[in-house]
Every structure is written in C-alpha cells, then in structure tokens.
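Read the structure below first, then the notes.
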C-alpha cells in the first residue's frame, strides 16, 4: 500500500515537473501584458497596444497547454509513451469541461492506467506492430474522451451551476460569510473550476457596479503562493531545497496574482496545504470585504493595486492572509517532520 | 564494483545535481566506479550508454519522479530510493547493494 502511494506521488510529481515551466511562462507573460495595458472595468484594454495583446496571447496559449501537459505526463509516468495520447486528450477535455487541475490529475491517472492495461493485452505476433501505433492510441483516447466528456463532465458542470446560484443568492446576505466562502473557494483548487467560479462571480459583479466582491477575491487570489513562499523562508528546516525554490517562484507569482504558484506545494501535500491556504485566503477576503476594498479589474494580487479602492486596507488584507497561511502550514508540518526526521528519539 | 545511477527531482534544478555529486563522492570513498545520469529541468545529461548499463553490476535510482527511458535498465538489478535518502544518508543507500 505504501509502495502504491509512493508510486502515485511519483507519477503526480512527474506531471507537475513538466507543467511548472508552462505555468511560469503563461502566468508571467499574462501578468506583464496586464500590468502594462490600460485597465478598464471590462478588463485590460489591448485595443491600443497590439504588442501587449501578442504577449498576452502567447501567455494564454501556454496556460491552455498546461492542463494537457500535466495530465499527459502523469499518464506518461504510469504507462510510458502510450500514456501520452489519452493523457493529453484527458487534460484538454478537463480544460474544456472546466474541471481544472483536479480534473486533469484525475484524467492523467485514468489515462495512464487505461494505456497500461491495453499494453498488457496479449496479441498474436502479426498484430503486435499495430498495437502501439493504432490500437492503443485510438482505444485509450476514445475511452478517456468518453469518460471525461460524459461521465465526469455533467457532475462538474452541475457543480459549477449550483455554486454560481448559491453565490448569487448569498450576496444579499452576510458579507463576512460571503467573503469566507469566496476566499476559501479561490484557494481550494488554485485556479481550477471552484476558484474560477468565485473569480467569474467577482468579475461579473464589476459590470454590475459592485467592486467589493472582486476586491475580496483579489486579496484571496495572491495569498496561497505568497503564504507558501513566506512559510519556506520562516522555517527553512521544514522544507526541502526544491520546495524553497518553489517558494521563491511562489512569491513572484503571488505578487502578480497567479494562485497557481501554490500548486507544486498542494500537489505534494494536499491534506496540510489546502486547508492552510483556504483559511489564509478567507482571512484576506474578510478583511478586504469589511474594509470595503473595491477592485475595478478582473485580476488579483498586488499587481492590481493601481485600480483598487482603499489601497491601505487591501495591502493589510494581503499581508494578514499571507502570514496566517505561512504560520498555519508550518504548524501543521512541524509534527509530521518530527516523525520522519533524523533526530528520531526512542521513547 | 561498477555502478550506474539516475537522479531526478520534480523541479530539476538543484536537488538532482546535489544528489549526483553526493553519489559520486560517496562511491569514490567506498572504492566503487560510478557514472551518474541526471534527469533535471534541462532533460537527460551525462546519459548512460548501453555499454555503461550492460557492464554495471547494479543501478541506483535516487528519484522523486518517474525515471525517463526506464526500459534501458531491463535485466539490471535496480535499487530505488527517494532522492532525499541520498542527501541524508548516502552510505545507507550503498549498504543496500550487499543486502
């Protein structure tokens, strides 16, 4: 069982290792383009700057490839080359049905096991050459496509609709409760469908003239990567060298409002990381909501500061959320580390 | 003893190469001949040839992600450990060879 868990962990990390450069390229190009383009209530305005639009489009393409690459290389880790076709297709569909990175992880694992099972089917010598170039790609691709588009698509889509309705009926009620829900949703899957549901709600409200919902989202968007980055700096011994490197990258991504910067941490240790970042983001969202922070741009993090109302409270909200996230994850991680560390004490 | 090894970590910019250096220095003090292939962010470096693998008595995988081109090692006895193990206690890893 332990061996099986370690193998799954290795498979997931293989996918993550291929997806990281895509997140960096997409996230940074998009934020650069947004930072230099004039901000309007409808989003960044690229009408006057075709060059910035080009940079934005390149970044968007890199983001669009990220989920297929993630799923594709999880499947590749399980089944080798035959995993690539169903894996890439599964990741593409996961984006298509808005199942986000959780959907892509699921698709990658499914694709890998399907391809691995098909590889093991005994066939006669004459048929063997057509297995890897025809039979396995077509069968595995079709199967994953059907699974993702029918079986998984409907529940995810209905989940989205329910979340959307619930949010809209709540907005007239308790502001603080709404901020807790929005902040937690933003952090929960770090750029996935739950995050995007809350984000689109905030962005849509900008057009309605309500800037505070986006303000709460904007503060919550950046605290997961900022908080994880701060955590790796506060107690360096709790973190491996590569986690500390991911922490530096996380801070950079947090500054430009890319929640995805926390994914490397969440993928490696979801049970401790996801609750920590959800609470940190909720704290940031509540402070922003109570302080009537408004965000006129459909984007988050310190990078949108020029288009934010009540700038000081916004900075305070982000700082508080970041510190809460960092302290929580380090507290949760410390006992776990003691159990496996070198200084094991005999009772 | 002739040993081949592969190191790989998820980000592939620091740990992969630290582990490779540690394996090389430990092998030297123990009197083994070792060649370490790194599978980092730049892809496969110092690639093990077919001859390297054929002549090796044992292969050590110090990896947190899946090994690229694993098929090359069919028929070789493989010891697989988490990469951290090599950095924490390299002598333990080499001790596994004789077990």
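The values are calculated or read from the model by the stated rules, or taken from the named source; none is laboratory data. Keep in mind it's a predicted model, so treat the numbers as computed, not measured. Reconstructed Cβ throughout: ideal geometry from the backbone, glycine too, with neighbour counts over all protein chains shown.
Pick from segment A:315-334 the residues that are over 11 Å from residue A:230 (Cα atoms) and out of contact with any helix residue (DSSP H, G or I) (no Cβ under 6 Å at 6 or more places or on another chain): which of them is surrounded by the most Cβ atoms within 10 Å (Cβ to Cβ)?
The residue in question is A:316.
Quick check on residue A:49: is it surrounded by fewer than 19 Cβ atoms within 10 Å (Cβ to Cβ), away from chain B (no Cβ under 14 Å) and touching a residue at least 24 places away in the same chain (Cβ under 8 Å)?
Numbers: surrounded by fewer than 19 Cβ atoms within 10 Å (Cβ to Cβ): yes; away from chain B (no Cβ under 14 Å): yes; touching a residue at least 24 places away in the same chain (Cβ under 8 Å): no.
Here the answer is no, as residue A:49 does not meet what is asked.
Let me confirm something: among B:96, B:88, which residue is within 14 Å of chain A (Cβ to nearest Cβ) and on the phi < 0 side of the Ramachandran plot?
None of the others qualify; the one that does is B:88.
Would you be able to say whether some residue in segment B:43-57 is within 12 Å of another protein chain (Cβ to nearest Cβ), at pLDDT below 95 and within 26 Å of residue A:269 (Cβ to Cβ)?
Looking through segment B:43-57, none of the residues is within 12 Å of another protein chain (Cβ to nearest Cβ), at pLDDT below 95 and within 26 Å of residue A:269 (Cβ to Cβ).
For segment B:70-80, state whether one or more residues are more than 9 Å from chain A (Cβ to nearest Cβ), at positive phi and surrounded by fewer than 20 Cβ atoms within 10 Å (Cβ to Cβ).
We begin by selecting, within segment B:70-80, every residue more than 9 Å from chain A (Cβ to nearest Cβ); these are B:72-80.
The next check asks that each one be at positive phi; those that pass are B:75.
With surrounded by fewer than 20 Cβ atoms within 10 Å (Cβ to Cβ) added as a condition, the list becomes B:75.
Taking every residue of segment B:70-80 in turn, at least one turns out to be more than 9 Å from chain A (Cβ to nearest Cβ), at positive phi and surrounded by fewer than 20 Cβ atoms within 10 Å (Cβ to Cβ).
Please go through (1) modelled with pLDDT of 90 or more; (2) more than 14 Å from chain B (Cβ to nearest Cβ) for residue A:1 and return the number of the only condition it doesn't satisfy.
Among (1) modelled with pLDDT of 90 or more; (2) more than 14 Å from chain B (Cβ to nearest Cβ), the lone unmet condition for residue A:1 is (1).
Mind listing just one residue for me: the one in segment A:295-347 that is touching a strand residue (DSSP E or B) at 6+ places or on another chain (Cβ under 8 Å) and at pLDDT 90 or above and, of those, farthest from the other protein chains (Cβ to nearest Cβ)?
Out of the qualifying residues, it is A:310.
Please go through segment A:270-314 and pick out each residue that is touching a helix residue (DSSP H, G or I) at 6+ places or on another chain (Cβ under 7 Å) and without any contact (Cβ under 8 Å) to a residue 40 or more places away in the chain.
A:291, A:305, A:311, A:313
Quick one: how many residues across segment B:1-26 are within 10 Å of chain A (Cβ to nearest Cβ) and closer than 20 Å to residue B:51 by Cα? Quick ask: steps written out before the conclusion?
As a first pass, look at segment B:1-26 and keep what is within 10 Å of chain A (Cβ to nearest Cβ): B:8-16, B:18.
From the residues that got through so far, the ones that are closer than 20 Å to residue B:51 by Cα too are none.
Selection size over segment B:1-26: 0.
Give the residues of segment A:258-316 that are under 28 Å from residue A:18 (Cα atoms) and part of a loop (DSSP other than H, G, I, E, B), sorted by residue number.
Correct list: A:258, A:269, A:299, A:300, A:301.
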